[in-house]
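We did not get these values from a lab; they are worked out from the coordinates using the rules stated. Since the structure is predicted, the reported quantities are computational estimates derived from the model, not experimental observations.
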Amino acid sequence: MANLTKLRIRNLTKGTDLADRADVADNSAARQKGLLKHTGLAEGEGLWIVPCEGVHTFFMKFAIDVIFINKKRVVTKIRPNMVKSRIALSIRAHSTIELPVGVIQKSRTAAGDQLELEKYEGSADSSAKDHVPH
């Protein structure tokens, strides 16, 4: 993805990491493209889609874990192992995080958990970092 901003995503409630180099889809073109051109996600990768109340896996080449969060970064719904040709929605969500299958289970993430999204510039010198505004 063209966006150089990367995210570290952490489940503060459980003290577990969800991603250390997630991409951000925060414009119309990036949200529409999503992960459609990808062939998979490696451990630590992901995609934060904002704003977003629903996702689909039509035309996707792999399954994903999906986490819906509200503006306060509280998990409103989880959808582990979402295989191709499915739709998931959460009307209470403000944004969605797509992750490799198994991350939800491994991190023990559940509805009601508090997440932290920390952005940094995805370059060799990634010293600039700060919390993502609400």
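Assorted remarks:
- In this structure, the amide hydrogen of residue 95, modeled 1.01 Å from its nitrogen in the peptide plane, lies closer than 5 angstrom to those of 52, 69, counting only residues at least 5 positions away or on a different chain.
- Relative contact order for region 1-99: 25 percent, from Cα pairs under 8 Å spaced at least 6 residues apart, divided by residue count.
- Using θ = phi - 60° in the Karplus curve 6.51 cos²θ - 1.76 cosθ + 1.60, the 3J(HN,Hα) couplings for region 11-17 round to 8, 5, 4, 9, x, 10, 9 Hz; x is entered for Gly and Pro.
- The H on the amide N of residue 109, modeled in the peptide plane, is under 5 Å from the matching H of no residue at least 5 residues off or on a different chain.
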